[in-house]
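Coordinate-derived values only; no laboratory data. Owing to the predicted nature of the structure, the values given are computational and were not obtained by experimental measurement. Neighbour counts run over all protein chains shown; Cβ positions are idealised from the backbone, glycine included.
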Amino acid sequence: MQILLPDQSRLELPEGASGLEAARTIGPKLAEQAVGVRVNGELRDLRLPLSDGEQIEILTTRNSGDPDALVVLRHSAAHLLAEAVRRLYPGVKIAIGPAIENGFYYDFDFPEPIAEEDLARIEEEMRRELAEGREWRREELERDEARRLFTEQEEPYKVELVDEAEGTISTYSQGDFTDLCRGPHLIDSKPVKALKLTALAGAYWRGDSANKQLTRIYGTAFFSKNDLEAHLVRLEEAKKRDHRRLGAQLDLFHFDEHSPGSPFWHPRGMTIFNQLEALRLRENARRGYLEVKTPLIYDKALWVTSGHWEKFRENMFLIPVGEEHVYGIKPMNCPGHMLLFGSKLRSYRDLPLRYAEAAPLHRNELAGALHGLTRVRYVTQDDAHLFCAKDQIPTELDGCLDYLRYLYGLFGIEPRAELSTRPENKLGSDEEWDFTEGELRTALDRYSIPYVLGAGEGSFYGPKIDLHITDVLGRSWQMGTIQLDAQMPARFGLTYVGADNREHPVYVIHRALLGSFERFIGILLEHTAGDLPLWLAPVQLRVIPVGEDHAEAARAIVEGLRRAGFRADLDDRAESVGRRIRDAELEKIPRLVVYGDKESPDDLAVRERGGAQSRKSLKELVLELTPLSSLPVS
């Protein structure tokens, strides 16, 4: 058989040869360094057979920054962790342990709780395994054989997974440890040059709070010690910038177990939230959007019509009413906007019609997936739905992309675009998807926006442009989205009367540019380390009287600043001036006015965040800061 290599040359191999055999044929050095293989763009284990005509790329230890190469390394390190834990803690039960972005984890059911200080002992055992050397052996078993194996090992979590598996089941073994696993894995442990266990956490089995809580051990691994050291430096910086830590430090929000995944916004946090909402309202009005408000709860029948009952039900919060009725709390605004559009006969003169609504949405995210503001159950989107005729689609998409560039430019953020195409559970015909995908692709090309292809990642009702931002740890988060939909309006029977006096189908562009306000604020806090621009800062100016004798005059300065439209406060605590200045720095207050014997409204001591100092009158200060403290100019 012939295999296609990255340089488009062809490699002759025996029928059924593996990726490792392909590497050996190319050269023994390549085989020695090989850790995995990409086959037609998808990561695969080196041990698996190849097929005629497939295109391959051998991943090696030289690909130290390649995400797929790191996945193989870290997945294997997770198995080293499981082996070490089993050796050290007899009676422990093994759950699951995948590679994740920036590392890996493994979940365990320990006979007795362990603590953070135990991680060093486990890590040392893993290093002993590396010193001994490990090889991974892959085996395929029939279901009954696999069930018998893990039953004999008294591994109930593995037995449960075996019972749910379909077809032949694969296991990987190293040392005296065998794990249920699809792979891929390293051939041996030589490429693991650096590893570190980083954290301990609780995690419900399969992410369901109704199940037992397990102990999750996080770690990471690299092909070199230098890469690990650089990662640990980034981790320290990330801890300082963690939006959850900043949320407490700046008194912005908190979470409570009585409503998991739902932030409690404090007054200062609401200031940030409300400033973004004011920006949304102003820009929507400028761009011809109409603000609407729709219900939070709908009968099951609506979700059946929209397609969410079939495709999204497990992510919805449902409310049974009586014996026959079920209502769903809305996880998105689109079905309500469909009802709004369909409430009267529409003419071509009404189009395009742009509905906007920043309503609270609820999505039943798994407990184990919740993460501060970036993964919540209570979501507020800068949502809009643009109802338009077919020939209006290009202009409306251009308007969305122009709006997008303006918004992200305000914050100095460069999002990455992904064109997400038809999923397996799509609604509608391939011809309809060919058209809608083509429109999005052409719009990206018109705006010269680079993008990657997310094959199969579209919504069930239409393709989309997803916008991604990378946080300080290198993790990617989806923010905004622009989706083109022909399916949902058709399911609701939406049409408009054209100039020819006939009914025509309506297209809908689903559009959220900031995306979730919660996630955007979390990412923005980390992006800026909490040093928000003046217009977003919850407290813009703080006045610090030097002593009690200066408190009244300082209070008058605060009142003058407030009358001028600034968010100003007074710190007249019985603390030293130095302590109060340090506290203001920790709270990220952009400007301080220290008021003492030498100060007056005509001569103020002004200190900028970071330490720069100057003297100016109250009038000069107001004139200087007014343009910076209001919503950015359009």
Region 252-329 -> Rg/Rh from Cα coords, Kirkwood Rh, value 1.10
Dividing the alpha-carbon radius of gyration of region 1-143 by 2.2 N^0.38 Å, where N counts its residues, gives 1.25
Region 2-60, Kirkwood Rh and Cα Rg, ratio Rg/Rh at 0.90
For Lys598, counting only lysines whose alpha-carbon sits under 28 Å away and dropping same-chain residues fewer than eight positions off, the answer is Lys588, Lys616, Lys619
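Sequence gap of 8 or more, or different chains, plus Cα separation below 14 Å: how many lysine pairs satisfy both in region 67-241? Don't skip to the end; give the middle numbers.
Values: Lys93/Lys158; Lys93/Lys212; Lys190/Lys225; Lys193/Lys225; Lys196/Lys225.
Counting lysine pairs in region 67-241 gives 5.
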Excluding residues fewer than 8 positions from Lys300 in its own chain, the lysines with Cα under 28 Å of it are Lys311, Lys330, Lys344, Lys426, Lys464
Under the Karplus relation with 6.51, -1.76 and 1.60 and θ = phi - 60°, whole-Hz ³J(HN,Hα) for region 80-89, x at Gly and Pro, equal 5, 4, 4, 5, 5, 5, 5, 5, 7, 10
Assertion target for Val539, Val633, Val452, ordered by fewest C-beta neighbours within 10 angstrom first, is Val633, Val452, Val539
Distance in nm between Ala120 and Leu141 label points, each 7 Å along Cα→Cβ, equals 3.7
Expected sort for Met270, Met316 with the fewest Cβ neighbours (10 Å cutoff) up front is Met270, Met316
On the formula 1/(1 + (r/R0)^6), with r taken between the Cβ atoms of Leu4 and Glu431 and R0 of 30 Å, the FRET efficiency rounded to 0.05 is 0.45
Computed from the beta carbon distance with a Förster radius of 45 Å, FRET efficiency for Ser476 and Arg579 to the nearest 0.05 stands at 0.65
Label model pair Asp531, Glu32: point-to-point distance (7 angstrom along the Cα→beta-carbon line) in nm is 4.9
One finds the C-alpha centres of region 402-427 and region 612-634 to be spaced, in Å, by 34
Subtracting the Cα-Cα distance of Asp597 and Glu257 from 0.36 nm times their residue separation yields 117.4 nm
Label model pair Thr626, Lys212: point-to-point distance (7 angstrom along the Cα→beta-carbon line) in nm is 6.8
In the chain the DSSP beta bridges are antiparallel at a rate, in percent to nearest 5, of 85
Length gained, His468-Glu323, 0.36 nm per residue minus C-alpha separation, equals 47.9 nm
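Between Glu166 and Glu414, what FRET efficiency follows from the Cβ-Cβ distance if R0 is 41 Å, with the result rounded to 0.05? Before the final figure, lay out each step's value.
Numbers: r = 42 Å, r/R0 = 1.03.
For Glu166 and Glu414, the calculated efficiency is 0.45.
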Protection proxy (average C-beta count within 10 Å per residue), highest first, orders 593-602, 239-248, 100-109 as 100-109, 239-248, 593-602
For region 309-396, listing GluC sites (Glu not before Pro) in a DSSP loop whose Cβ sees at most 10 other Cβ atoms within 10 Å gives Glu323, Glu324
Proxy exposure order for Asp256, Asp251, Asp571 (fewest C-beta within 10 Å first) is Asp256, Asp251, Asp571
The ratio Rg/Rh over the Cα atoms of the chain, Rh being the Kirkwood inverse mean 1/r radius, stands at 1.02
For region 67-241, Rg(Cα) over 2.2 N^0.38 Å is 1.02
